[in-house]
1. So what's the net charge close to Tyr145: Lys and Arg +1, Asp and Glu -1, counting the other residues with Cβ under 9 Å from its Cβ?
2. Net charge within 11 Å of Gly386 by Cβ-Cβ distance, Lys/Arg positive one each and Asp/Glu negative one each, not counting Gly386 itself?
3. Order of 174-181, 412-419, 80-87, 372-379 by packing, highest average Cβ count within 10 Å first?
4. Residue-wise, which Karplus ³J(HN,Hα) couplings in Hz belong to segment 69-82, taking 6.51 cos²θ - 1.76 cosθ + 1.60, θ = phi - 60°, and x for glycine or proline?
5. Using each residue's phi in segment 255-271, evaluate 6.51 cos²θ - 1.76 cosθ + 1.60 at θ = phi - 60° and report the 3J(HN,Hα) Karplus result to the nearest Hz, with x for Gly and Pro.
6. Using only Cα atoms, figure out Rg for the chain and give it as a multiple of 2.2 N^0.38 Å.
7. Note down the net charge around Gln108, summing +1 for each Lys or Arg and -1 for each Asp or Glu among other residues with Cβ under 11 Å from its Cβ.
8. So, for segment 184-244, what is the accessible surface per residue at a probe of 1.4 Å, expressed in square angstrom?
Amino acid sequence: MTPRRFPAACPLATAFLIGASAPAAVAPPPTNYDESKVSSYTLPDPLMCMDGTRVADPATWRGKRRPEILELFSKYEYGRMPAPPVGVRFDPPRIDPAALGGKAIRKQIRIHFFGQSGEPSMDLLVYIPKNHVGPTPAFIGLNFYGNHSIHSDPGIDLNTNWMRDNKEFGVVNNRATETSRGVRSSRWPVERILARGYAVATAYYGDIAPDFFDDFKSGVFPVWQKSGDGTRASDAPGAITAWAWGLSRAMDYLQTDPDIDAKHIAVMGHSRLGKTALWAGANDERFAIVISNDSGCGGADLHRRDFGEQIRHITRAFPHWFCPAFSTYVDRESELPLDQHMLIALMAPRPVYVASAEQDRWADPKGEFLAAKAADPVYRMLGTDGLPATEMPAINAPVAGTIGYHIRDGKHDVTDYDWDRYMDFADRHWHQNR
Ligand code: GTR
């Protein structure tokens, strides 16, 4: 088992440190991979209000504690979620009714976030099973290397926005090339998803905000800041908030698409985009299922468990992901009035799935399981079965109630195994409603 390390075995972090105005790389912060060195901690009780009131009924959760927790994450971790834009506009979908050798309807839709053509926009790619009957349930997730990277389908528009250089993926001078087509198809088994009766929708996260620190000068940030005085408040939104906001704009479109069953849309994300999926699901309850794949620190992993990546690593490598207040909690995790089990609880009572990978020790699989488990009392109080596991399950032995969890063998990645479990989970929760 080779743990990912900071920063050497963490190429994206390294790329960031070289490519942008980060503090000079001195000695990396220490990383603990020794279970016996994890000190004991007490998690905040998700069912105890700030004023000491115990949450014993759904109304108090809904009216008091849930908004309180959402506020805590807005204030101390991700920053405040901007309101939906007033003038969001969708270009008419460009449709191929016989894509993928006749297996799918392919739609490409440009979403103008603020209605204006000169301002940032996002290109949504949607595949719908060709022989679907009525509106189709769907999975949506952002991608790291452009829509063209998820499949070799030559009909997918090549993304022209800034992209992290990657020789292997044909990204040269921060732009995708024809060689970039399909380079990430192993993470997006489109035909497999379509064959199970689901549509799949995706957009490039860099269309919303670039994944490097440029002092919030690009993507949606300049538009959001238009009315401000240029200073960054302690709860100003970071990139994870921007990407999550973008997912909601994709949802705005999907609600208008007659081929999509917008009441059955699962949001899925891997790694930093798994953090994003959780934050999107917390803010936008239109996402009926929320799936975190290997999301780690700032995602499903507990901050208070000092194992793998911690706030001291993440806020240094990726200062643009969070709100400014978050970095004040470096090595003060126990003083945070929140922890990530409370983020998972914000999905309740909607089904939520947390997945880990055995070799992904940087993301702390055990911390991800324990967070899912610690969200269970909220799910149970709301009348669902929560996570039916007392111990962390064995490798490749998924457990699923309204909270699902698995740890699969292998490394930090998205595999067919992961997708199959997510589709099983969606089948289980949705079949009687479809
Ligand atoms: C790492 C980062 C993780 C995770 C990962 C990814 O460098 O430390 O928190 O988000 O990147 O997104 O691939």
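The values are calculated or read from the model by the stated rules, or taken from the named source; none is laboratory data. The shown structure was predicted, so the numbers you read here are calculated from the model rather than taken from an experiment. Heads up, the Cβs are rebuilt from the backbone with ideal geometry, glycines too, and the neighbour counts pull from every protein chain shown. All accessible areas refer to the heavy atoms of the entire protein, side chains included, with ligands and DNA or RNA removed. Shrake-Rupley method; radii C 1.70, N 1.55, O 1.52, S 1.80 Å.
1. Numbers: positive: Arg164, Arg184; negative: none.
The answer is +2.
2. Details: positive: Lys373, Arg380; negative: Asp376, Asp385.
Charge balance in the 11 Å sphere: 0.
3. On the way: 174-181: 16.6, 412-419: 18.8, 80-87: 13.0, 372-379: 23.6.
Ranking, from highest mean packing down: 372-379, 412-419, 174-181, 80-87.
4. Each residue of segment 69-82 in turn: 5, 4, 5, 4, 5, 5, 7, 10, 10, 9, x, 6, 6, x Hz.
5. Each residue's phi maps through the Karplus curve to give 5, 9, 8, x, 7, 10, 8, 5, 7, 10, 10, 9, 9, 10, x, 10, 6 Hz.
6. Numbers: Rg = 20.4 Å, N = 434, 2.2 N^0.38 = 22.1 Å.
Compared with the compact-globule rule of thumb, the chain sits at 0.92.
7. Details: positive: Arg94, Arg106, Lys107, Arg110; negative: Asp91, Asp96, Asp123, Asp153, Asp157.
That works out to -1.
8. Numbers: 2210 Å² over 61 residues.
Result: 36 Å² per residue.
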